[in-house]
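The values are calculated or read from the model by the stated rules, or taken from the named source; none is laboratory data. Predicted model only: the values in this text are computed from it and were never measured. Using ideal geometry, Cβ is built from the backbone for each residue, glycine included, and neighbour counts are taken over all protein chains shown.
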Amino acid sequence: MADISGPALQHAITKVKELVPHAEKVDTIICDVSEETDVAAMVSHVDSWGGVDVIFNNAGIMHADDADAVDTPDRIWDLTHNINVKGVWYGSKHAVLSMRKFEKKKGSIINTASVVALVGSATPQLAYTASKGAVLAMTRELAIVHAREGFRFNALCPAPLNTPLLQDWLGDDVAKRHRREIHFPTGRFGEAIEQAQAVLFLASDESSFVNGTDFVVDGGMTKAYVTPEGPPTQPPANLAR
Ligand SMILES: NC(=O)c1ccc[n+]([C@@H]2O[C@H](COP(=O)([O-])OP(=O)(O)OC[C@H]3O[C@@H](n4cnc5c(N)ncnc54)[C@H](O)[C@@H]3O)[C@@H](O)[C@H]2O)c1
């Protein structure tokens, strides 16, 4: 597991040890995914384990100062794209290099995008949205380019989640929060574990013919028709039995 934050890694490894007490090999490394040398070091760290079979490029930020076309500062655009887009590129690049180095005949790369790459966000976050669109397009191309090598690339598109990235950003702003909640057919935010189960599938051989997908895990959000009052909770009267 790699992250820029030591406390985040500590939290993660404690959780893994709790959930999988007999896990044989778990390791952590500090890595800023926007720095290629860090990513290269992270990947070569698993050389003694036989190289990369699966990589989950999940690190991402949504900055508090991200805004609309007029108000998004240049430095926030660059910071967001350096982490969210370049980070995924570097992760993909060094995974491919490792798989080639160890002559792997198959491999799975999962890149985290977002539903905001598929549907328009009601809340302005332009740098973030553009970065996730880039992840989607980049992953699709990588999937096709590397298909004959047996390396699969899929993009994960989560709905708004109950994780610090979004919950800290929404804070106590009830109106901002309501603009999100109104879109949920299920009436709730997604949980990280529900994304993790999808990633597990994409990482495994069970998904051996799944390649280049925009793998949407959103409780139906992007397929829902919503009115300004939210999704219908009752069938229309003419359909009621
Ligand atoms: N939370 C949501 O609603 C939501 C929805 C769609 C997509 N996503 C995406 O899911 C992914 C995970 O988000 P999350 O909700 O778990 O966020 P989170 O903020 O809880 O976790 C993100 C992690 O990325 C790490 N990170 C930040 N910058 C980094 C860098 N430069 N190098 C290495 N690590 C870095 C952080 O330390 C943190 O541990 C992100 O790519 C995010 O954009 C989240």
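On the stretch given as the range 102-141, residues that are assigned to a helix (DSSP H, G or I) and either buried (at least 17 other Cβ atoms within 10 Å of the Cβ) or touching a helix residue (DSSP H, G or I) at 6+ places or on another chain (Cβ under 8 Å) (or both) total 17.
Note on the range 180-195: among residues that are in a helix (DSSP H, G or I) and more than 9 Å from the ligand (Cβ to nearest atom), the one that is surrounded by the fewest Cβ atoms within 10 Å (Cβ to Cβ) is Ile193.
Residues that are in a loop (DSSP other than H, G, I, E, B) and within 16 Å of the ligand (Cβ to nearest atom) were ranked within the range 10-52; the one that is nearest to Thr80 (Cα to Cα) is Ser34. A search for C-beta distances below 9 Å between a residue of the range 183-197 that is modelled with pLDDT of 90 or more and any residue that is part of a loop (DSSP other than H, G, I, E, B) and among the aromatic types (Phe, Trp, Tyr), counting only pairs 6+ apart in sequence or on different chains, returns Gly190/Phe184. Take Val210 and decide whether it is aliphatic (A, V, I, L, M), at pLDDT 95 or above and either over 30 Å from Ala8 (Cβ atoms) or part of a loop (DSSP other than H, G, I, E, B) (or both). Against the criterion (aliphatic (A, V, I, L, M), at pLDDT 95 or above and either over 30 Å from Ala8 (Cβ atoms) or part of a loop (DSSP other than H, G, I, E, B) (or both)), Val210 qualifies. Within the range 107-162, the set of residues being of a type in the set (Lys, Arg) and more than 16 Å from the ligand (Cβ to nearest atom) comprises Arg140, Arg148, Arg152. Looking only at the range 57-70, filter to residues that are more than 10 Å from the ligand (Cβ to nearest atom) and either in contact (Cβ under 8 Å) with a residue 24 or more places away in the chain or of a type in the set (S, T, N, Q) (or both); which one of those is surrounded by the most Cβ atoms within 10 Å (Cβ to Cβ)? Only one residue tops the list, namely Asp66. Flag: Lys93 does not match the condition of being in a loop (DSSP other than H, G, I, E, B), more than 11 Å from the ligand (Cβ to nearest atom) and surrounded by fewer than 22 Cβ atoms within 10 Å (Cβ to Cβ). Looking only at the range 71-82, residues that are under 11 Å from Thr129 (Cα atoms) and either at pLDDT below 95 or within 12 Å of the ligand (Cβ to nearest atom) (or both) come to 2 in all.
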